[in-house]
Amino acid sequence: MRYPGRPGGNLYSDAVEAFTGLLSRHGAIPSIGMVEDELGIDRGGLLDLFPDENALLGAMAQNALMRLHDQFVRVMAGVTDSDPITQFEMLADVYVEWAYLHPREASIIGSMPDTEFRQNGELMRYETAIHELMQRMLGRACDMGLLDKDEDLELLVSTAHTFAFGAITKMLVGDLGRWLPGMTEREAVRKMLHTFVRKILRKQ
């Protein structure tokens, strides 16, 4: 069966998009058959690209993390502020917006078992690139005297990532309102991440 798809689209990207849409609508991992039905193709038409649901899940996670990395790069390319700590706060804002717009993907990526994540070379590549970007910013902060010269930058990045994921997870389940009354969930998590950066990363 010929796949008509969308103008400018292809079966791989359309399948990932359909899988993500079904996951968002139903709250459960869709079967390969459900994705094929969504695309209007014969059963078995995706098996050459995706042998099972886990392959589609990995592709979805890879696509989402690629978007996050691209958003980081675009935001940093337009930044004129020379303060790397301010830039670090801007990365936090990008992360919040990404998770807010892609809650299923953010939750799935954050909850993937370590062994499963490490087996996906593309996921590792994007995560490593993001962490290296963060470490470069913090390295400049050390050079400017905003952080101690002997700071463990890898530990700081890991701590910041863990804190951010925890705060964003609470945002996604609507669990921040009672802590910061008068703010939306998105406003609250941004406030928390900015406070973390100022209090933990900025040299007192």
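Please treat every number below as a calculation from the coordinates, not as lab data. Given the structure is predicted, the values throughout are model-derived calculations rather than measurements. Positions of Cβ are backbone-derived with ideal geometry, glycine not excepted, and every protein chain shown enters the neighbour counts.
If amide H atoms are built 1.01 Å from N in the plane of the peptide, which residues on other chains or at least 5 residues away come under 5 Å of the amide H of Gly45?
When sequence neighbours closer than 5 places are left aside, there are no close amide H contacts.
Taking the chain as a Gaussian network, where each spring joins two C-alpha atoms under 10 Å apart, which residue of Ala188, Ala18, Ala28 fluctuates the most?
Highest fluctuation of the listed residues: Ala28.
Can you pull the one-decimal nm distance between simple spin-label points at Leu11 and Cys142, each 7 Å off the Cα toward Cβ?
5.0 nm
Which of rounded, prolate, oblate describes the chain, given a ≥ b ≥ c as roots of the alpha-carbon gyration tensor eigenvalues and a/c under 1.5 marking rounded, otherwise prolate only if a/b is larger than b/c?
prolate
Find, among the trypsin sites (Lys or Arg not before Pro) in region 153-204, those assigned to loop by DSSP (not H, G, I, E, B) with at most 16 other beta-carbon atoms within 10 angstrom.
The qualifying sites are Arg178, Arg202, Lys203.
Name the chymotrypsin sites (Phe, Trp or Tyr not before Pro) in region 109-204 that are in a loop by DSSP and that have at most 14 other C-beta atoms within 10 Å, would you?
Numbers: sites: Phe117, Tyr126, Phe163, Phe165, Trp179, Phe196; in loops: Trp179.
Of the chymotrypsin sites (Phe, Trp or Tyr not before Pro), the ones in loops of region 109-204 whose Cβ has at most 14 other Cβ atoms within 10 Å are Trp179.
Which of these, Val35, Val94, Val79, has the largest mean-square fluctuation under a Gaussian network model of the chain (Cα springs below 10 Å)?
Ranking Val35, Val94, Val79 by mean-square fluctuation puts Val79 first.
I need the phi-derived Karplus couplings for region 166-175: 6.51 cos²θ - 1.76 cosθ + 1.60, θ = phi - 60°, integer Hz, Gly and Pro marked x.
x, 5, 5, 4, 5, 4, 5, 9, x, 10
Kindly identify region 119-204 as rounded, prolate or oblate by the Cα gyration tensor criterion: order the square roots of the eigenvalues as a ≥ b ≥ c, call it rounded if a/c is under 1.5, otherwise compare a/b with b/c, prolate if a/b is larger, else oblate. Please report the intermediate quantities before stating the final value.
Working: a/c = 3.08, a/b = 1.30, b/c = 2.36.
The shape class here is oblate.
Spelling out what I want: for every residue of region 90-96, take phi, set θ = phi - 60°, compute 6.51 cos²θ - 1.76 cosθ + 1.60 (Karplus), and round to whole Hz; glycine and proline get x.
5, 4, 4, 4, 4, 4, 4
Just to check I understand the Karplus step: with θ = phi - 60° and J = 6.51 cos²θ - 1.76 cosθ + 1.60, what whole-Hz values come out for region 30-46, glycine and proline as x?
x, 7, 4, x, 5, 5, 4, 4, 4, 7, x, 10, 5, 4, x, x, 9
Tell me the trypsin sites (Lys or Arg not before Pro) within region 37-92 that lie in a loop according to DSSP and have at most 15 other beta-carbon atoms within 10 Å. The partial results should precede the final answer.
Numbers: sites: Arg43, Arg67, Arg74; in loops: Arg43.
Listed in order of number, the matching sites are Arg43.
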